[in-house]
1. log10 I(q)/I(0), Debye, Cα-only the chain, no solvent, q = 0.09, 0.20 Å⁻¹?
2. Can you work out the Karplus-derived ³J(HN,Hα) for every residue in the range 128-134? Use 6.51 cos²θ - 1.76 cosθ + 1.60 with θ = phi - 60°, whole Hz, and x for glycine or proline.
3. Estimate the FRET efficiency between S18 and K109 by the formula 1/(1 + (r/R0)^6), using the beta-carbon distance for r and 30 Å for R0, to the nearest 0.05.
4. Give the long-range amide H neighbours of S145: residues separated by 5 or more places, or on another chain, with amide H under 5 Å away, using H modelled in the peptide plane at 1.01 Å from N.
5. Quick one: which residues, 5 or more positions from Y91 or on another chain, have an amide H under 5 Å from its amide H? H modelled 1.01 Å from N in the peptide plane, none for Pro or chain starts.
6. On a straight-distance basis, which aspartates and glutamates could pair with K133 in a cross-link, Cα separation under 17 angstrom, same-chain partners fewer than 8 positions away excluded?
7. When the Cα centres of the range 1-45 and the range 68-104 are compared, how far apart do they sit, in Å?
8. What does the charge count near L111 come to, summing +1 for each Lys or Arg and -1 for each Asp or Glu among other residues with Cβ under 11 Å from its Cβ?
Amino acid sequence: MKKLLIVIDMQNDFIDGSLGTKEAQAIVPAVAAKIASYPPKDIVATMDTHGADYLRTQEGKKLPVKHCIKGTDGWQIRPEIAALLGRARIYEKPTFGCEQLAQDLKAVKGLKEVEIVGLCTDICVVSNALLIKAALPELRITVDSACCAGVTPEKHLAALETMRSCQIEVV
């Protein structure tokens, strides 16, 4: 049985940068331990990636906080996480969900399960989980709630409940 770990947006801006939270900072060791428990070939990751024109985009108008601007320190994956990712495939995505990741998973031979961890539970984690569920409805999808953090603790819990409602297993 093939199982992949998907690490969502463990970037400086979401941890202790422009959109960071104490909850995001708190999950870094757990995410690092989770990554270390997987063979490197079975890990993929995403990076929220925006351009200098971010504030002129629809997202930037609704969330007017510059973050994850390509090439900045805030865009970088947290160093201790990046070191563990090694040669993992990393998808740069300009929005919450990564359609290419969901499509690429369809081509993985023998794939039976994906486990998702990362930031933020109520935006990019839930978006990617639902995209993958739509693309691969029979794939087992789990989300480790101890390796995720939301914009607020309340939104984290709400997103976990949304995923449960959509037949995504929350552990």
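Bear in mind that the values in this text are calculations on the coordinates, not laboratory data. Bear in mind that the values here come from a model prediction, so they are computed numbers and not experimental data. Glycine also receives a Cβ, built like all others from the backbone with ideal geometry; neighbour counts cover every protein chain displayed.
1. Debye intensities relative to I(0), on a log10 scale: -0.27, -1.42.
2. 5, 4, 6, 4, 5, 4, 5
3. On the way: r = 40 Å, r/R0 = 1.33.
With a Förster radius of 30 Å, E is 0.15.
4. Close amide H contacts, sequence-distant or interchain: V171.
5. Those lying under 5 Å, H to H, from Y91 are A45, T46, M47.
6. Straight-line reach from K133, under 17 Å: E99, D104, E113, E115, D122, D144, E161, E169.
7. A separation of 10 Å, based on Cα centres.
8. Values: positive: K2, K3, K106, K109, K112, R140; negative: D42, D104, E113, E138.
Once all neighbours under 11 Å are counted, the net charge is +2.
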